[in-house]
Amino acid sequence: MKVINDIIEWLVQTGLVSVLAIFLLKQLKPVLDNKAEHASTEQSKALWTLLEQVADMAVTSLVSQDKSGREKFDEASMIVNDVMRKQGYRLDSQVIHTAVQSAYEKSDLTPTVNTKEDK
């Protein structure tokens, strides 16, 4: 036991432990930075997925209402903004408008136009 204690004390006194710790930190820093970047990317993907789902539901919920297209768009944008704020996300109005417009274009409300006529 005394031998192990002497070896540990020698490592501390010579500064070898400090050098080893600094070396390991320099080797681990890029790995930790990569992990943080990956987590940020995954969080952004999850946020966009949530935004798309909320926009789809908002657009679908306003289909049967007797309002103009602009009024429906504004109301859908307000719904999406309120839901995202309640979830703790503060989004730019342009991002919300883009999500609502995308949801409208993906929905069955947008007629499909065939550019080629059947012969």
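Worth pointing out:
- The chain: angle of helix 69-86 to the longest principal axis, Cα-based, in degrees nearest 10: 20 degrees
- Trypsin sites (Lys or Arg not before Pro) within segment 15-101: DSSP coil, no more than 16 neighbouring Cβ in 10 Å: 67, 90
- Magnitude of the charge dipole, the chain, Cβ model with Lys/Arg +1 and Asp/Glu -1, debye to 20: 340 debye
- GNM top mover of 13, 43, 87 - the chain, alpha-carbon springs below 10 Å: 13
- The chain: radius of gyration and largest Cα-Cα distance (Dmax), Å: 28.3, 96
Each value in this text was obtained by applying a stated rule to the coordinates, not by laboratory testing. This structure is a prediction, so every number in the text was calculated from the model and none was measured. Don't worry about glycine lacking a Cβ; one is built from the backbone with ideal geometry, like all the others, and counts go over all protein chains shown.
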